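Taking it in order: structure first as structure tokens, then the write-up.
The values are calculated or read from the model by the stated rules, or taken from the named source; none is laboratory data. In this text, all values refer to a predicted model and were calculated from it rather than measured experimentally. Cβ coordinates were reconstructed from backbone atoms using ideal geometry, including for glycine residues, and neighbour counts include every protein chain displayed.
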Amino acid sequence: MKYDVVIIGAGPGGIFSAYELTKERTDLKIAVVEMGNPLEKRKCPIDGKRVKACIGCKSCAIMSGFGGAGAFSDGKYNITNQFGGTLYEYVGREEATALMQYVDEINLAFGGEGTHLYSTANTKIKKTCLENGLHLLDAQVRHLGTDINYVVLQNLYERLRERVDFFFNTAVRSIQAIDGGYELQTENESLTCTRCIVSVGRSGSKWMEQVCTALHIPTRSNRVDIGVRVELPAEVFSHLTDELYESKIVYRTEKFEDLVRTFCMNPHGVVVNENTNGIVTVNGHSYEDKRLHTENTNFALLVSKHFSEPFHDSNGYGESIARLSNMLGGGVIVQRFGDLMRGRRSTPSRIAENYVHPTLAATPGDLSLVMPKRILDGIIEMICALDKIAPGTANDDTLLYGVEVKFYNMEVALAKNLETTCPGLYVIGDGSGVTHSLSHASASGVYVARDILAKI
Ligand SMILES: Cc1cc2nc3c(=O)[nH]c(=O)nc-3n(C[C@H](O)[C@H](O)[C@H](O)COP(=O)(O)OP(=O)(O)OC[C@H]3O[C@@H](n4cnc5c(N)ncnc54)[C@H](O)[C@@H]3O)c2cc1C
């Protein structure tokens with residue numbers, strides 16, 4: 001089958017490029033090839049009762065399928081150039097912001113209307129942070145919530161299915177340059193296209209590396225973020241989360257001058273498992289619907305590790321640490337902050353007696369046996385710093401789940417229009433290494449679609 005454009009991956013990057021292409025030109029022949037399921041068939045078998053741990057499904061329902069890794073996420077669309085990716089380095093700051101705002105408009109039009117847009121503009125919290133050695137990053141954040149995010153995705157799918165050929169449960173195995181375009185090989189068939197947009201996210205990171213090697217596309221990789229997910233009573237952070245919902249706060253440690261930052265804050269949310277390439281790490285989300293709220297707030301504390309020559313496998317380093325927690329705990333480990341500070345493991349009975357009740361059934365253990373000292377020291381320092389602006393953060397009962405790892409895809413060498421060194425082959429979203437968030441990934445999809453439309 002010959003297509004004008006084939007999009008690989010139906011995450012936010014792929015969805016928004018398909019949306020923009022089909023909005024402008026209904027005559028184009030477009031396909032989206034996705035290795036996971038359609039939205040309604042995405043169901044992780046872990047139910048905490050019959051299936052307690054990851055059973056290694058052929059495609060992970062959390063990470064793959066229509067909606068990509070973001071489908072069951074908290075649906076926080078951050079409109080900012082301060083974090084979430086470096087799209088602005090390619091398109092310019094103004095254009096990047098305009099693209100993210102455009103994505104926001106589409107989300108509202110497809111079911112997100114009425115959801116809250118938070119902003120750090122004019123907040124007093126910024127000053128309080130500065131007084132305590134903490135730095136609040138500027139952003140607007142649209143919080144769709146896991147439930148509304150799902151509705152938006154359903155509505156976008158209904159719109160796209162009329163105009164796009166979807167191939168689900170279909171992993172693309174290889175991309176070959178042919179005369180006038182590309183040939184994509186899947187398990188059962190081959191598709192050809194004039195232009196190809198690769199948007200395979202984090203779950204496609206290993207495969208992306210193979211593609212780049214085969215097509216001689218230069219890449220580089222040097223970063224991984226390692227840390228823990230913190231869970232505490234929602235009251236402790238309520239003055240921040242009520243006003244800002246998500247506050248991205250950065251702290252420079254006194255000991256090593258490492259940067260530690262808060263990431264993915266979920267007021268009244270739940271802590272969840274995440275499976276990346278068979279390794280179970282931790283994440284979190286929360287619902288817009290108040291009936292699904294918990295008593296706790298969770299967020300990650302992450303330390304970025306940048307490596308220099310001769311080491312290239314930053315993700316391998318992160319994986320090894322996560323594997324250690326999987327080896328000791330059979331999955332994610334949970335520890336009371338008080339136990340960590342006293343140099344002892346948390347036990348099932350200590351967790352059962354804890355005032356903060358865990359929202360994830362993780363294995364009580366000792367994170368100091370898993371995390372490198374320098375990283376753990378940074379996290380402890382940051383918890384103590386946060387305690388000054390949110391007293392109670394450093395309480396003994398605060399729960400720490402490990403390991404949270406943010407794997408960064410290697411950075412693919414791209415031109416300003418996100419095209420690779422192979423003409424007509426674009427790489428967008430988290431799979432390109434350029435973005436690490438819903439809004440940036442979606443914006444990169446719109447941007448590339450417009451570039452293609454201008455050429456066709
Ligand atoms: C639990 C969780 C919560 C999150 N919460 C937030 C949040 O609140 N805010 C935020 O900004 N970000 C959040 N993120 C990150 C966000 O989901 C990603 O940044 C975003 O989804 C990236 O979009 P993408 O389209 O680049 O890739 P993805 O969403 O990862 O989509 C890539 C798709 O490509 C498919 N694929 C991979 N390889 C192949 C192949 N060979 N053939 C065919 N298909 C393939 C995958 O199955 C997948 O569906 C969260 C992530 C997780 C896991």
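Set side by side, the residues Val260, Val200 differ, and just one is touching a helix residue (DSSP H, G or I) at 6+ places or on another chain (Cβ under 6 Å), more than 30 Å from Thr420 (Cβ to Cβ) and among the hydrophobic types (A, V, I, L, M, F, W, C), which is Val260. Of the residues in segment 69-83, at least one is among the β-branched types (Val, Ile, Thr) and modelled with pLDDT of 95 or more.
Do any strands (runs of 3 or more DSSP E) lying entirely in segment 179-253 carry at least 1 residues that are away from the ligand (no atom under 11 Å from the Cβ) and farther than 30 Å from Ser286 by Cβ, and which ones are they?
Details: elements: 181-186, 190-198, 223-233, 249-252.
Counting at least 1 such residues, we get 181-186, 190-198.
For segment 1-27, residues that are of a type outside the set (S, T, N, Q), surrounded by 18 or more Cβ atoms within 10 Å (Cβ to Cβ) and over 20 Å from Leu87 (Cα atoms) total 3. Does Thr170 satisfy the condition of being farther than 30 Å from Val303 by Cβ and within 16 Å of the ligand (Cβ to nearest atom)? Criteria met by Thr170. Here Leu108 meets each of (1) within 13 Å of the ligand (Cβ to nearest atom); (2) over 22 Å from Gly431 (Cα atoms) with one exception, condition (1). Looking across segment 101-124, just one residue is assigned to a loop (DSSP other than H, G, I, E, B) and of a type in the set (Asp, Glu), and that is Glu113.
Of these, Lys49, Lys23, which one is without any contact (Cβ under 8 Å) to a residue 40 or more places away in the chain, in the same structural domain as Leu184 (by TED's automatic domain parsing) and in a helix (DSSP H, G or I)? Walk me through how you get there before you give the answer.
Working: Lys49 fails: in a helix (DSSP H, G or I).
Answer to the selection: Lys23.
Restricting segment 68-86 to residues that are outside any strand (DSSP E or B) and within 10 Å of Ala441 (Cβ to Cβ) leaves a set whose member that is farthest from the ligand (Cβ to nearest atom) is Gly84.
Within segment 86-105, residues that are farther than 14 Å from Thr435 by Cα reach partners that are of a type in the set (D, E, K, R) and not in a helix (DSSP H, G or I) with beta carbons closer than 8 Å, at six or more positions or on different chains, in the pairs Asp104/Arg142. For segment 319-344, filtering for residues that are buried (at least 18 other Cβ atoms within 10 Å of the Cβ) and within 19 Å of Val271 (Cβ to Cβ) leaves 14. Total residues in segment 280-301 satisfying the condition of being away from the ligand (no atom under 13 Å from the Cβ) and either buried (at least 24 other Cβ atoms within 10 Å of the Cβ) or under 19 Å from the mean Cα position of the chain (by Cα) (or both): the figure is 3. The set of residues in segment 4-24 being within 20 Å of the chain's Cα centre (by Cα) and small (Gly, Ala, Ser) consists of Gly9, Ala10, Gly11, Gly13, Gly14, Ser17. Take the conditions (1) within 12 Å of the ligand (Cβ to nearest atom); (2) basic (Lys, Arg); (3) in contact (Cβ under 8 Å) with a residue 24 or more places away in the chain; Arg159 misses just one of them, which is (1).
Checking the conditions here, which among Thr120, Thr80 is of a type in the set (Val, Ile, Thr) and under 20 Å from Lys406 (Cβ atoms)? Let's see the steps before the verdict.
On the way: Thr120 fails: under 20 Å from Lys406 (Cβ atoms).
Answer to the selection: Thr80.
The residues of segment 372-421 that are surrounded by fewer than 16 Cβ atoms within 10 Å (Cβ to Cβ) and part of a loop (DSSP other than H, G, I, E, B), listed by number, are Pro372, Pro391, Gly392, Asp396, Ala413, Ala415, Lys416, Asn417, Thr421.
Yes or no, residue by residue, for (1) over 28 Å from Ile7 (Cα atoms); (2) among the hydrophobic types (A, V, I, L, M, F, W, C); (3) crowded, with 16+ Cβ neighbours inside 10 Å:
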site	(1), (2), (3)
Ser73	no, no, yes
Phe83	no, yes, yes
Tyr90	no, no, yes
Glu95	no, no, no
Ala109	no, yes, no
Thr120	yes, no, yes
Glu131	yes, no, no
Asp138	yes, no, no
Gln176	no, no, no
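So which residues in segment 38-65 are near the ligand (Cβ under 9 Å from one of its atoms) and either more than 30 Å from Tyr3 (Cα to Cα) or out of contact with any strand residue (DSSP E or B) (no Cβ under 8 Å at 6 or more places or on another chain) (or both)? Result: Ser59, Ser64, Gly65.
In segment 417-434, the residue that is nearest to the ligand (Cβ to nearest atom) out of those that are within 11 Å of Ser199 (Cα to Cα) and hydroxyl-bearing (Ser, Thr, Tyr) is Ser432.
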